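These notes concern the structure reproduced below.
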Amino acid sequence: DAWLISALAAAVVDEGQVDRAWLAAHASGTEDVIAALAGIDIAAHCAVAGVDEAQVRAAARLLGQATSVAVAEDLGVQMNVHSTLVSYLEKLVWLLTGNFGRLGTQYAPSSLAPLGKVRKGEVAPGDDGPRSPVAGARIVAGLVPCNVIADEILTDHADRYRAMVVESGNPAHSLADSQRMREALAALDTLVVIDVSLTETARLADYVLPAPTQFEKYEATFFNFEFPRNVFHLRRPVLDAPDGPLPEPEIHARLVEASGALDGAAETLDGMRAAAGRGRDEFAAAFFAAAGAHPELGPLAPVVLYRTLGPALPDGAASAAVLWGAAHRCAQANPDGVRRAGYGEGLEAGEALFDAILASPSGVVITDDDQDEDAVWRRVGTDDGRIHLAVPELLAELAGLAGETPPGADDEWPFVLSAGERRSFSANTIIRDPAWRKRDPRGALRVSPADAERLGLVDGDRARVTTKRATAEVTVEVHDGMRPGHASLPNGLGLDHPDG
């Protein structure tokens, strides 16, 4: 993937498809990126990818000359070697051709709440911005790269990670080099897991805090990326939760309270709770007054809302209290769309949007920005409102491809293994019961017909797969969608299940 898409990006430059006028108005770092792509040997990269150079150049011309271009990226390129570089290059292809923020092109979604917030300086070029304490890895949008977590724990360093809370995640199973990750988790002073099942990580934990399943609690998904009509859905419980497990907001509230972080604000919280009982107008005034008087409560706003506004919400929807703040932020950030959707303006819009979320079991349209270019550009999160094309670390990685042995070309390790293919019945590790897999129940290793013939394999054979870290036996599926030298396993497998 890395060689193919870098060849495509280079061909966009070489074929003269760069929209320089658009880039001059909207982007920075253009010349650095163009210089890096101009140094790529397009023919050599196409040869590694096994794709005809003429096809790559034709695709580059189509992308540059089309009036409408948009790209969807998913697991196929996100779970393999050079995956971050591939994601970056994919975006360069449509940015260099000016396909952003215009009708029929890429967009920045208008969401109820951002999944991650990029703070000032976090994605600055060079060595600026925060880094992890041990490995010195770049922290982007508040996230530490998964593959350095083990080093952050196991390194003899004064600031090494000593405790971890894992919520709805399974790093003992799902991160690269799971053997070392399990070693790291065992080395922590304290490991706490919040989950709906006793996962492989939970079995290593000092404390397991069980939560109800998705069917037994209020819950929402923040992957709402539709455009221009963006839907948000607060899902209601359809079953009663069993005694014992607690919804995640209750777990987090108890943890915060046990830490003493709210001890100095008890009287303020009582006042907010009383105000919520009298109506949301009074609660809003009390909340904003408390925020001004106690700025230390800002990072704890979800817990504060849950404990004060939550009990006043109808139908036991206390867990949805955090959406009150999210609705107001959305109304403030997308005033035109929220007004067009019929929610009004200002504080009234935030309250109306929150009411609509609570009252709409099938979901609500939270914004309707149509194809307004200005609305899209307002959601670009950089300080200057421009797209910063050059990321020095990734341009350096791109340059290194020319001297790197391509996957599958190593005599000792002649295959590249994709260990995260999305198939019909293996989307993730939420579905742990193997009886749910109606097809491909064993998670077959897919190999090309040429490799199968060379190795003497046929459908249904058992084969041993060996990586630099481990060995496993798998069932073989000969698949004409695979290239020679490439093997693939689905994601979501390798889970323990009570029936064995």
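The values are calculated or read from the model by the stated rules, or taken from the named source; none is laboratory data. Note that the structure is a prediction, hence the values are computed from the model and not measured. Virtual Cβ from ideal backbone geometry, glycine too; neighbours counted across all protein chains shown. The accessibility values were calculated without ligands, DNA or RNA, using every heavy atom of the protein model including side chains. Shrake-Rupley method; radii C 1.70, N 1.55, O 1.52, S 1.80 Å.
Sorting I387, I153, I431 on solvent-accessible area from highest to lowest, probe radius 1.4 Å, gives I431, I387, I153. Compared with the dominant principal axis of the Cα atoms in the chain, helix 53-65 is inclined by about 40°.
With 10 Å bins beginning at zero, the pair-distance distribution over Cα atoms of the range 343-500 amounts to 8, 22, 19, 19, 20, 11, 2 %.
Where does helix 83-96 land angle-wise versus the long Cα axis of the chain, in degrees 0 to 90, nearest 10? The angle comes out at about 90 degrees. To the nearest 10 square angstrom, what accessible area does H479 show with a 1.4 Å probe? H479 has an accessible surface of roughly 50 Å² with all protein chains in place. Bin all alpha-carbon pair distances of the range 198-325 at 10 Å intervals from 0 and give each bin's fraction as a whole percent. Using 10 Å bins, I get a P(r) of 12, 35, 33, 18, 2 for the range 198-325. The Cα trace of the chain gives Rg and Dmax of 25.5, 76 Å, the first to one decimal, the second as a whole number. Taken about its Cα centre, the range 255-309 carries a charge dipole of about 200 debye when Lys and Arg each add +1 at the Cβ and Asp and Glu each add -1 at the Cβ.
Considering only G350, S488, I366, and ranking their Cα positions along the charge dipole of the range 349-500 that arises from unit charges at the beta-carbon of Lys, Arg, Asp and Glu, the one farthest toward the positive end is S488. Note on the range 15-64: percent of Cα-Cα distances in each 10 Å bin, starting at 0 and stopping at the bin with the largest distance, equals 22, 47, 26, 5. Please list log₁₀ I(q)/I(0) at q = 0.14, 0.23 Å⁻¹ for the range 374-448, using the Debye equation with identical point scatterers on the alpha-carbon positions. Listed by q, the Debye log ratios stand at -0.84, -1.03.
A Cβ-based charge dipole, computed about the Cα centre of the chain with Lys and Arg at +1 and Asp and Glu at -1, lands at about 540 debye. Against the chain, whose longest principal axis comes from its Cα atoms, helix 266-278 is set at around 80 degrees.
Shown are Y306, Y107, whose ranking by accessible area with a 1.4 Å probe and every protein chain present, most to least, is Y107, Y306. Dipole orientation for the chain: of the candidates T475, S448, L23, T475 has the Cα lying most toward the positive pole (charges on Cβ; Lys, Arg +1; Asp, Glu -1). Close amide H contacts of S418 (hydrogens built in the peptide plane, cut-off under 5 Å, sequence separation of 5 or more or a different chain): A487, S488, L489. For the chain, the solvent-accessible area with a 1.4 angstrom probe is 52 square angstrom per residue.
Look at where the Cα atoms of the range 191-234 and of the range 356-431 average out, and the two centres are 21 Å apart.
When DSSP beta bridges are restricted to pairs lying wholly in the chain, around 40% turn out antiparallel. Each of S488, S360 has its accessible area taken with a 1.4 Å probe; listed largest first, they run S360, S488. Each listed q (0.13, 0.14, 0.21 Å⁻¹) maps to a log10 I(q)/I(0) for the range 1-106 from the Debye sum over equal C-alpha point scatterers, namely -0.44, -0.51, -1.16. Rounded to the nearest 20 debye, the dipole size of the range 125-216 about its Cα centre is 80 debye, using +1 on the Cβ of Lys and Arg and -1 on the Cβ of Asp and Glu. Distance between the 7 Å Cα→Cβ label points at V465 and A241: 3.7 nm. On the beta carbon distance between S83 and D383, with R0 = 30 Å, the FRET formula returns roughly 0.65.
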